[in-house]
Amino acid sequence: MFKHLATNPKLSRGRLHNEFEDDQFRTPFERDRGRVIHSSSFRKLKHKTQVFIESESDYYRTRLTHSLEVAQISRSLCRLFSLNEDLGETVALAHDLGHPPFGHNGENALNLSMSKHGGFNHNDQTLRVITLIEKRHPKFDGLNLSWESLEGIVKHNGPVTMANGPVQLYNDNHDLELVTFAGPEAQVAALADDIAYSNHDIDDALRAGFIDLNDLCDVPLVGSMISEVRSLYPEAPAARQGHETIRRVINRMVSDLVSETQRRVTELKPKSAQEVRDQDMPVVSFSESMQEHNLILQKFLFDNMYRHYRVVRMASKARRVVSDLFELFLHEPNCLPTEWSERCEGAGYPSTARLVADYVAGMTDRYALEEYAKMFDVKVQI
């Protein structure tokens, strides 16, 4: 469909650190995907919160299952558009590597704790993970991903016009052209993220009993799908009607994305991946009406799922755990494991704060709760 816009791996801008490319069978983007999947940070997503704390149930999404679902949608869309599937999948798999334990609640707690030291943002932290924190190569830190993968991961949500902290620091040495849009594959991955979390949060909310299908009937994007499903399958159990509804909503969002993207490509006439970056608007996009419908759906989920008292209680607990651990390690860095404490400049220093943020952000939900118990419950053996 848009093969002329696909990012060509043979024309990759390369990696920050030169490597002996001894792989005759894979492109740079295939290698990037493998590096992400084999990283310890990717494995730890299995035990990091999406909405529900991982210990709540084996059914609910975690950051790992969410990332896999985003990658599946991203790859399918890239194939449909004749874009580079491996690059679209790499960006999708890596986009949440910087999430701390307990999802956005952990992120908000770390951002508040780091307010005097440059703040904390999971997108910025993802860049730190893949360029600094992962330590696998004998000669350099990070995964040393290709320029195209790094650029897509950093800018998948749009140009970074107010870069500071980790992103600006990295960009000073390796220009990712922050003020432009990302390439087409990264734009696809960003919208695959929107499709995945909106629909799968509905699924988890239904499973948790926070809502039922009747509650969704007045939500424009979902209500019409429920009517269709109930008309076609009136005797089906509610759970199966819910799954079929979600499948149809995903298809509806994908169809809208394809139609709007075709319209924009026809109107803007980009001739290459670089010309996609240079536009003053995203080339891959939902229509305005779909964007409005998605905002209504997000408000519904905020009111009925994210603000449900069970989720609020979990969020409150999570914020205390993250905040208390951060403050303890910041002011008593000798309590950190040796490989971390020996790198600290001293208690309360800005560099120590960033190091502690890296340590806490790298925790899984389970490990954070265990560390909290060890450090604050005198009955728990260290």
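What follows draws every value from the coordinates through simple rules; no lab data is involved. Owing to the predicted nature of the structure, the values given are computational and were not obtained by experimental measurement. Please note: Cβ atoms are built from the backbone with ideal geometry, for glycine as well, and neighbour counts cover all protein chains shown.
Please give me the summed charge of the neighbours of PRO333: other residues whose Cβ is under 10 Å from its Cβ, Lys and Arg +1, Asp and Glu -1. Numbers along the way, then the final one.
Numbers: positive: ARG343; negative: GLU332, GLU342, GLU345.
Local charge sum for PRO333: -2.
For THR266, THR65, which order do you get if you count the other beta carbons within 10 Å of each Cβ and list the fewest first?
Neighbour counts put them in this order, fewest first: THR266, THR65.
Taking amide H atoms as placed 1.01 Å from N in the peptide plane, list the residues 5 or more away in sequence, or in a different chain, whose amide H sits under 5 Å from that of ASP96.
none
Magnitude of the Cβ-charge dipole of the range 311-376, K/R +1 and D/E -1, about the Cα centre, nearest 20 debye?
With Lys and Arg at +1 and Asp and Glu at -1, about 380 debye.
Rounded to the nearest 500 deg cm²/dmol, what is the calculated helix-only ellipticity per residue at 222 nm for the chain, with -39500 (n - 2.57) per DSSP H run of length n ≥ 4?
Numbers: 17 runs with 217 residues, N = 382.
Result for the chain: -18000 deg cm²/dmol, rounded to the nearest 500.
Along the range 348-364, what does the Karplus equation 6.51 cos²θ - 1.76 cosθ + 1.60 (θ = phi - 60°) give for ³J(HN,Hα), rounded to whole Hz, x for Gly and Pro?
x, 5, x, 5, 5, 4, 5, 5, 5, 4, 4, 5, 5, 5, x, 6, 7
For the range 172-188, just list the computed ³J(HN,Hα) in residue order, Karplus coefficients 6.51, -1.76 and 1.60, θ = phi - 60°, integers in Hz, with x standing in for Gly and Pro.
Result, rounded to whole Hz: 4, 9, 8, 5, 9, 6, 4, 7, 9, 6, 6, x, x, 5, 5, 5, 4.
Dimensions of the range 213-308 along principal axes (Cα, Å, largest first)?
Projected onto its principal axes, the Cα set of the range 213-308 covers 51, 32, 17 Å.
Beyond 34 Å, what share of the Cα-Cα pairs of the chain remains, rounded to the nearest whole percent?
Of all Cα-Cα pairs in the chain, 32 percent lie more than 34 Å apart.
How do GLU89, GLU292 rank when sorted from fewest to most other Cβ atoms within 10 Å of their own Cβ?
In increasing order of surrounding Cβ atoms, one gets GLU292, GLU89.
To the nearest Å, what is the center-to-center distance of the range 21-97 and the range 158-211, using C-alpha atoms only?
Centre-to-centre distance over Cα atoms comes out at 13 Å.
Report, in debye and to the nearest 20, how large the dipole of the chain comes out about its Cα centre when Lys and Arg carry +1 and Asp and Glu carry -1 on their Cβ.
360
Can you tell which of ILE382, PHE25, PRO333 lies farthest toward the positive end of the dipole of the chain, using +1 and -1 charges on the Cβ of basic and acidic side chains (Lys, Arg; Asp, Glu)?
Farthest towards the positive end: ILE382.
For a footprinting-style exposure proxy, rank VAL222, VAL378 by other Cβ within 10 Å, fewest first.
Lowest count first: VAL378, VAL222.
Taking LYS3 as the anchor, which lysines have their alpha carbon closer than 25 Å to its alpha carbon, excluding any fewer than eight residues away along the same chain?
LYS155, LYS269, LYS271
Quick one: of LYS48/LYS116; LYS48/LYS374; LYS10/LYS139, which pairs are farther than 23 Å apart, Cα to Cα? Provide the component values of the computation, followed by the final result.
Values: LYS48/LYS116 26 Å; LYS48/LYS374 20 Å; LYS10/LYS139 25 Å.
The answer is LYS48/LYS116; LYS10/LYS139.
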